[in-house]
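Each remark here refers to the structure printed beneath this line.
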Amino acid sequence: MATNPMQRRSRNSFLLGMLLTTLILGGVIAGLVYFMMQMKNKEEELQAAEVYVLKRDISSGEEISQSDLEKRKVSKELKPSNGVTPANFINEDNPNEDRKVIAKVALKKGTTVGTDMLYIDGNEMGKDVRKQEYNTIVLPMDLATGNFVDIRLMLPSGQDFIVVSKKKVEIPMVGGTDSKDTIMLEMSEDEILTMSNAIVEAYMINGSKLYATKYADAGNQEAAKPTYPVNGEVAKLIESDENILTEALNALRSRYNRDVRENYINPTISSQEDAKGNEQTKMQQSITNSQSTREEYLQSLNGGATSTSK
């Protein structure tokens, strides 16, 4: 049976509409499937990548421990190739003691931590390193535990020498408060002898000053090169001291400046009317200060009761 043109056009329009609808629905379904697959891939990537971020703000030069980090999940493309993990804190030589990890720069809470942001030295300090206590150094007003300092000797003439450089400060607690005049520094054998030489000469020279100066940004600033040359007697002692590492000994030899010693430091000492007397008096004052600080510390442990010896 033949159809009229009107019916044929109507049927063709219906079929064309069904085809277009099917194509549109197919495109929407394909888009939804693609979107769901992408979401699934993203979720898998999110679950697969883990990083460690800071739980608190860290200052430049401050030490970081495992407890300062927390784990977070991120997408793989956001995970740094040099990200820090708990393994970075493990001291293989002594598993019971964490490695020393220090921030090179100031870091904000939530920062993903990479190894390039840190000094990881593994507590690889020399066998000759000791914690030394000093109460003869003029300290900055705002000095705090964890700061890094150079110890310098200034002569009355204005000559100023770096004795030891970039030392991390620890201020002992006495009676529940920071000591006013005592600090502790980790010092190698050669640094101990050099510092002792500088202390004695500071005592001998009226108008001299042995003082500490803080690093403004310890994480980014390299250690200054020491410039103070020890005297001949100490130089001989250092040369014969088997506790001093070869590298440190070579460094001391390279910085020994005979002209500076003979033209500036020695003449300044010789010009003092009573250099030996000054040294003895100030050394006794230092010993008395140490004894007094020790007594205060023991009293604080005993709840304020004065200790007596029998």
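Of the residues ILE244, LEU155, SER286, the one whose Cα sits farthest towards the positive end of the charge dipole of region 130-301 is LEU155 (charges of +1 on Lys and Arg Cβ, -1 on Asp and Glu Cβ, taken about the Cα centre). FRET efficiency for the pair LYS166 and LEU20, taken as 1/(1 + (r/R0)^6) with r the Cβ-Cβ distance and R0 = 45 Å, rounds to 0.05. Answer rounded, prolate or oblate for region 49-120, using the Cα gyration tensor with square roots of eigenvalues a ≥ b ≥ c: rounded when a/c is under 1.5, else prolate when a/b is larger than b/c, else oblate. It comes out oblate by the Cα gyration axes. Checking the cross-link pairs LYS79/LYS109; LYS168/LYS209; LYS79/LYS131; LYS166/LYS209 against a 28 Å limit on the alpha carbon distance flags LYS79/LYS131 as lying beyond it.
Dipole size of region 97-234 about its Cα centre, with +1 on Lys/Arg Cβ and -1 on Asp/Glu Cβ: approximately 420 debye, rounded to the nearest 20. Dividing the convex hull volume of the alpha-carbon atoms in region 130-301 by its residue count gives 126 Å³ per residue.
Taking the Cα centre of region 49-120 as reference, the dipole from Cβ charges on Lys and Arg (+1) and Asp and Glu (-1) amounts to some 440 debye. For region 130-301, averaging the sequence separation of C-alpha pairs within contact (under 8 Å, six or more residues apart) and dividing by the residue count gives a relative contact order of 28 percent. Straight-line cross-link reach from LYS100 at under 12 Å between alpha-carbon atoms covers these aspartates and glutamates, not counting any fewer than eight positions away in the same chain: GLU62, GLU63, ASP121, GLU124.
Any read-out appearing in this document is the output of simple, stated calculations on the displayed coordinates, not a laboratory observation. Quick caveat: nothing in here was measured; it's all calculated off a predicted structure. Positions of Cβ are generated from backbone atoms using ideal geometry, with glycine treated the same way; all protein chains shown enter the neighbour counts.
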